[in-house]
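Below is one structure, written out as structure tokens, with a few remarks after it.
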């Protein structure tokens, strides 16, 4: 998907922005099974909640056609910095591009996502990402 958005940030940069900017929002665009079995970022120490809104719908992984409308209800201020995260940074980039097209100027993609890139053994969670950066997260 071609398009523009505010840019790429590392998980640590996203955490700092979420800490510093009261209106900053983190949107986890993964699916319910990922949130349930892999975990989610935890912003409770910042007195914030992660917005859990799938960009692609499980199980067929079709794009959520109502994504922007649903997110705009949660983030009504178009000047809020919005950080998008997924497993590895690909779905979240697409979501950041689309939400920018919807009129939100400060949409950022969290590079390497929650689990990070695949390592030499085909496993995630060892190279980069929110979890490997030792940022707060939890599992339900």
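All of the numbers you see were taken from the coordinates with simple rules; none came from a lab. Given the structure is predicted, the values throughout are model-derived calculations rather than measurements. Positions of Cβ are generated from backbone atoms using ideal geometry, with glycine treated the same way; all protein chains shown enter the neighbour counts.
Here region 1-93 is described by how far its Cα atoms reach on the three principal axes: 37, 30, 24 Å, from widest to narrowest. Among 17-23, 98-104, the peptide with the highest mean count of other Cβ atoms within 10 Å heads the list, and the full ranking is 98-104, 17-23. Do you know the relative contact order of the chain, to the nearest whole percent, from alpha carbon pairs under 8 angstrom that are 6+ apart? So the answer I get is 31 percent. Given their separation in residues at 0.36 nm each and the Cα-Cα distance between them, residue 10 and residue 58 gain 14.7 nm when the chain is fully extended.
Based on the convex hull around the alpha carbon atoms, region 52-94 presents an average projected area of 3.3 nm².
A full extension of the chain between residue 78 and residue 46 corresponds to an added length of 9.4 nm, given 0.36 nm per residue minus the alpha carbon distance. With the highest mean first, a sort of the peptides 42-52, 75-85 on other beta-carbon atoms found within 10 angstrom per residue produces 75-85, 42-52. A prolate overall shape is assigned to region 73-124, the ratio a/c of its alpha-carbon gyration tensor axes (a ≥ b ≥ c) being 1.5 or greater and a/b exceeding b/c. Modelled spin-label separation between residue 23 and residue 127, with each label point placed 7 Å from Cα along the Cα-to-Cβ direction: 3.6 nm. Every helix of 4 or more DSSP H residues in the chain counts as -39500 (n - 2.57), and over all residues that averages to -7500 deg cm²/dmol at 222 nm.
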